[in-house]
Structure formats: structure tokens, C-alpha cells
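The values are calculated or read from the model by the stated rules, or taken from the named source; none is laboratory data. All values derive from a computational prediction rather than experimental measurement. For neighbour counting, all protein chains shown are included, and Cβ atoms are generated from backbone atoms with ideal geometry for every residue, glycine included.
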Amino acid sequence: MHHYLDQIYQELVIRHPHEKEYLQAVYEFLDSLGDLVDSDSSITENNMIRRMVEPDRIISFKVIWEDDQGVNQVNTGYRVQFNQALGPYKGGIRFHPTVNQSILKFLAFEQTFKNSLTNLPLGGAKGGSDFNPKGKSDQEILRFCRAFMTELYTYLGPDLDIPAGDIGVSSKAVGYMFGMYKRLTHRHHGSFTSKGITYGGSLVRPQATGYGLVYITEALLKTYFDTSIQGKSFVVSGAGNVAIHTASKIISLGGMVKGMSESYGMIHHDKGIDIELLSSIKDKNQTLDQYLNTYSDAIYTDNPKDLWKIPVDIALPCATENELDLEDVKTLHQNHVMAILEGANMPTTLEATHYLIQNKIPFVPGKAANAGGVTVSGLEMQQNAMHVTWDFDTVDQKLKQVMHQIFYRLHEESLRLNNPYDLVKVANILSFKKVYQAMIEQGL
């Protein structure tokens, strides 16, 4: 790493030694900027990068809510407002027991530069709580969402900070939070995205991240291999919203999904996953081994890592951070994988990322590949501002256009830098340049 950037990183390590997810995201970002720093002395002179890698503010608060037994429970809530140089803060809310400050800082940091790549006028943020919605009644989730929003609402607004749903936050939970926000502010405006269709939500929003991932895969295959998704085989990690819609879109375009996974294991069906059956299994909160009750020729193992051993053309990690490590990508490479694209946030370790680049395996990082969600959130905000509703095909085509544009801009920049197999570097450079210029022009 460039010595100036390494100084910034080491300072962060000293200040935040236990925030491993945040430090990993910053390291990967800084590691891409060395040549840019050498070519532009103003970057070091104004010390802008140092200001850019820490959030504008972190809001933390306790959330007191009553369970069905009448007992008051306590969780911790957060909102990390990272950067608003390009527009109001924008990023999801996550409810999961693993949520902590480090994870939300990493997600808000990534969100800042992901939003930059979409060319939408949005800054970056992320929020959530260590509340676990699994096993909770509908009334418990309602009471938690109301308590959470009571603490957070003063920091939100259509020109300030616009949250959306994320892991553990269903459309129903978004509705509960939006309803409480309206009760507290007496305003019905675009202060949330991922809303229900009946009160200002956008069509395609539930499918957006998965569909967007497939659209950028489509552009990659055309550019690098002059081919399409038709007839290609895939593995998709995860079995949640992103993975299900990713697999569904692949199948609709003539591809085959041979394997999917969850934290408890993975299912391999060489004839192609029946995505309607798998979706039904997950809707019933059942584990993937139930798939064998219908398809005895499928293979289930209790090790989700076995997913990466399946020989396929394309691998799409869509589950969680650091799920794809060096050994996994070596196995995929040995099995002649054509490309890997990130549907989750930072699912590939640094060592695995470097291996892919060195071995010239096309690899698209999450800040580009999974930008479909925030893209449609931006389109939802446009519809709210104009008081209109676009049909499914209109939103879907706009999403496809944005995702294709993101990829072609990355590829064009990679050719300019004479390294068409380091899309990580160009994604970081392009997103950085836009945020940097905005901060300079505004004196931030």
C-alpha cells in the first residue's frame, strides 16, 4: 500500500482496533488508490482521504420494548451517517443479533461508494439493531419498530437521511417504522424506501438487488466472453431475498442454478434447482434438506462451503461477509469458473480477491454488483417526489440500464488503466473521484 494511505490506515487501526469489518473495507478501498495519489498531489495536500474514511456521525441509543409476556427488553440501535457529499444519507436498516458498530460502519462506508457508482444523488448511511426478529411475534416486532423509530426519527427525513429495509427488516417492519415516523412527524413523504406498494413503494424493489446482480452479470458475459446467461450454470450462496430473486432471474433468462446454501448447509441439484420449491421451503422457515423430499437425486450437506466445490460457470456469493475465502476461489478456479460477482457486501476475503485478480478471473465487487437495491430505492424516491407510480417493466428497464452502465463504466476505466481484470481497483477509483470532487467543491 502507498505509504501515505498506509499511514491513514494504521491510524484507524490504533483508533478502532476491534472493528475488523470496518478496517477490512477501508483497507481494500485504500489499497486501490496508490497510483491516483501519486498522480495528484492535491489529494495528500488537503488530507481529504483522512476525512473521507470516517463517518460524519454515529448515533447510538437503547431501545426499550415490551415482549408478549409484558417484560421490558433492551436492545441497542444505531445509525451511521457516513457521507452526504453527493446527497442525503441513504442506506438500509438491519435487525440481526450480530449487528454492532463495526459492521454498520463497514456497510455505511461501502454504501457511500456504491451510491456514487449509481450516479444517483445520494450519500451513504446504514443503521440497525442487535434485535433478532426470528421467533418474535408480529406484535413484538411492531412494538420494537415503534420504540426504535421513537429514538431515531429526529435524524431522518427526505432531504436528510432515507433508510430502507435490509437483513431482518421485512416490508412489514418497514411499514411499522414508517407508520411510527408519520405519527411522530405528522408528515407523509419519501423518508423511507422499500415501502409497501399501497403507500408509495416501488415495484421491483423486493427483486432489485437480485435482478441487478444478474443484469451486471449479463453485461460481463457479453463484454468478456461474447456470450449470454442462456445455457450457463451458476451457484448462488444464500437462500434469502437476494439469492432467491437472483436464482429466479437466472432461470428466466435460460441459465441453470445448480446449488444454493444457507448457514446450516447447501443443496446441490445437478439438473437445476427448483426455485419455486426452494422458495416455498424458506417461506415455511424450513431447512434446505427438505428439498430432498421432492428431489431424491439432489445432494444435501451440512457444510455450506461445499457449494463452492460444484463445477459451474459463474459463482455469485449472496449471503454474508467473508464467506468466500482463498481456498474456495482456488477450487472454483480449478473447476474453470468464468467469473465471480458479489451479491452480498464484502463476501470475498482480501486474499481471495487478490487471487482472482492475479489469475485474471473477472470479478465484480459488491459496491458495483449489488447496487440494484439502492438503484430502485432511488427510483422509488423519484416516483414519490413526482407523485407517480411506474409499472413493473418501466422500473425493471431503468434498473437494467443503470446496472449495465455501471459495468461498462468500470470496464472502460479498466481498459484505460491497462488492467481489465482489476475491476475492484476501478470501482474504488471511480466512486472515490466523484465523492472527492463533491467534497472539494463544497469545502467539506
(message) Among the numbered criteria (1) at negative phi; (2) exposed (fewer than 15 other Cβ atoms within 10 Å of the Cβ), which one does GLY231 miss?
(response) (1)
(request) Give the stretch 34-57 a look and list any residue that's surrounded by fewer than 16 Cβ atoms within 10 Å (Cβ to Cβ) and under 26 Å from the mean Cα position of the chain (by Cα), or say none. (result) ARG50, ARG51, ARG57
(message) If I filter the stretch 376-391 for residues that are farther than 21 Å from LYS90 by Cβ and in a helix (DSSP H, G or I), do I get at least one hit?
(response) no
(message) It is to be established whether one or more residues within the stretch 154-172 are farther than 16 Å from GLY373 by Cα, touching a residue at least 12 places away in the same chain (Cβ under 8 Å) and buried (at least 21 other Cβ atoms within 10 Å of the Cβ).
(response) yes
(request) Check every one of the strands (runs of 3 or more DSSP E) wholly within the stretch 207-311 and list those with 3 or more residues that are more than 23 Å from the chain's Cα centre (by Cα), more than 23 Å from GLY165 (Cα to Cα) and of a type outside the set (Gly, Ala, Ser). (result) 299-301
(request) Sort through VAL74, VAL80, VAL13, VAL63 and tell me the only one that's among the aliphatic types (A, V, I, L, M), farther than 30 Å from ARG205 by Cβ and either in contact with a helix residue (DSSP H, G or I) (Cβ under 7 Å, 6 or more places away or on another chain) or not assigned by TED's automatic domain parsing to the domain that holds PRO158 (or both). (result) VAL13
(request) Please go through the stretch 105-149 and pick out each residue that is crowded, with 18+ Cβ neighbours inside 10 Å and among the polar types (S, T, N, Q). (result) GLN111, THR112, ASN115, SER116, THR118, SER129
(request) Just need a number here: residues in the stretch 343-355 that are buried (at least 18 other Cβ atoms within 10 Å of the Cβ) and without any contact (Cβ under 8 Å) to a residue 60 or more places away in the chain. (result) 4
(message) Cβ contacts < 7 Å: first residue outside any loop (DSSP other than H, G, I, E, B), restricted to the stretch 133-147; second residue surrounded by fewer than 18 Cβ atoms within 10 Å (Cβ to Cβ) and modelled with pLDDT of 95 or more, any location; separation 6+ or different chain. Result?
(response) GLN139/ASP68; GLU140/ASP67; GLU140/ASP68; ARG143/GLU66; ALA147/ILE64
(request) Taking the residues in the stretch 356-375 that are among the polar types (S, T, N, Q) and in contact (Cβ under 8 Å) with a residue 60 or more places away in the chain as candidates, determine which candidate is farthest from THR217 (Cα to Cα). (result) THR375
(message) Take GLY128 and tell me if it is in the same structural domain as TRP65 (by TED's automatic domain parsing), of a type in the set (Gly, Ala, Ser), at pLDDT below 95 and not in a helix (DSSP H, G or I).
(response) no
